[in-house]
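Reviewing the structure listed below.
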Amino acid sequence: MELGEVLRDRRKAAGRTIASVAIDAGLSVPYIANLENGRGNPTLSALDRLATALGARLAVRIGDEEPEPSASVGAELLAGSDRADRIIAGLAQGRSRAATRRRLVEAVDALALVIGRPPNAADLNRLLDLLQLAEVP
């Protein structure tokens with residue numbers, strides 16, 4: 001995921017405007033808008049101030065190897081579900097589908113803690129049913 005998308009997703013998820021984040025971070029609106037649109041070359045200091053303004057923590061990593069991806073039952077279940085893709089599109093309204101998908105994967109993974117076992121396709125479909133009912137006006 002690109003930096004601009006991460007910044008925009010966090011800002012929108014918090015219900016914030018670029019102007020309000022700019023004020024809290026001590027940065028200009030055009031500067032943040034450019035970063036969200038994939039332009040600019042931010043300093044670590046600016047990124048740290050943006051992260052703080054968005055209620056996040058900046059983490060910088062330098063290394064030769066990519067970290068091992070953690071196994072995610074939610075990601076596996078969603079990967080094979082056309083229905084999940086349709087519901088994600090409906091839920092995304094105003095947010096990126098990628099961010100909405102990540103949150104749904106997290107919800108499915110967290111479900112394992114509640115039910116005491118890895119969720120299966122039937123559990124995913126029950127969760128999708130609930131989400132579909134929740135988006136009905």
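Among the residues of segment 26-51, those identified as within 18 Å of the chain's Cα centre (by Cα) and loosely packed, with under 15 Cβ neighbours inside 10 Å are Asn37, Gly38. Considered as a group, the residues in segment 57-75 that are under 16 Å from the mean Cα position of the chain (by Cα) and surrounded by 12 or more Cβ atoms within 10 Å (Cβ to Cβ) include one that is modelled with the lowest pLDDT, and that residue is Ser72.
Here are Arg95, Arg101, Arg83: which of them is at pLDDT 85 or above and within 19 Å of Glu5 (Cβ to Cβ)?
Exactly one of Arg95, Arg101, Arg83 is at pLDDT 85 or above and within 19 Å of Glu5 (Cβ to Cβ), namely Arg101.
If the condition is being surrounded by 12 or more Cβ atoms within 10 Å (Cβ to Cβ) and not in a helix (DSSP H, G or I), then segment 81-119 contributes Ser81, Arg95, Ser96, Pro118, Pro119.
Residue count for segment 15-30 under the criterion of being farther than 19 Å from Asn41 by Cα and in a loop (DSSP other than H, G, I, E, B): the result is 3.
If you go through segment 27-40 one residue at a time, do you hit one that is modelled with pLDDT under 95, among the basic types (Lys, Arg), in contact with a helix residue (DSSP H, G or I) (Cβ under 7 Å, 6 or more places away or on another chain) and not assigned by TED's automatic domain parsing to the domain that holds Thr100? No: segment 27-40 contains no residue that is modelled with pLDDT under 95, among the basic types (Lys, Arg), in contact with a helix residue (DSSP H, G or I) (Cβ under 7 Å, 6 or more places away or on another chain) and not assigned by TED's automatic domain parsing to the domain that holds Thr100. Taking residues in segment 29-52 that are farther than 12 Å from Leu3 by Cα, and partners anywhere that are exposed (fewer than 15 other Cβ atoms within 10 Å of the Cβ), the pairs with Cβ atoms closer than 7 Å and at least 6 places apart or on different chains are Val29/Ala19; Leu44/Val60; Asp48/Leu58; Arg49/Gly26. Please verify whether Arg49 is closer than 30 Å to Leu111 by Cα and at pLDDT 90 or above, treating the condition exactly as stated. It is false that Arg49 is closer than 30 Å to Leu111 by Cα and at pLDDT 90 or above.
The single condition among (1) assigned to a loop (DSSP other than H, G, I, E, B); (2) of a type outside the set (Ser, Thr, Tyr); (3) at pLDDT 85 or above that Leu78 does not satisfy is (1). In segment 83-93 there is at least one residue that is out of contact with any Lys or Arg (no Cβ under 7 Å at 6 or more places or on another chain) and under 30 Å from Leu27 (Cβ atoms).
The values are calculated or read from the model by the stated rules, or taken from the named source; none is laboratory data. Please read all numbers here as calculations on a predicted model, not as lab measurements. Glycine gets a Cβ as well: all are built from the backbone with ideal geometry, and neighbour counts include every protein chain shown.
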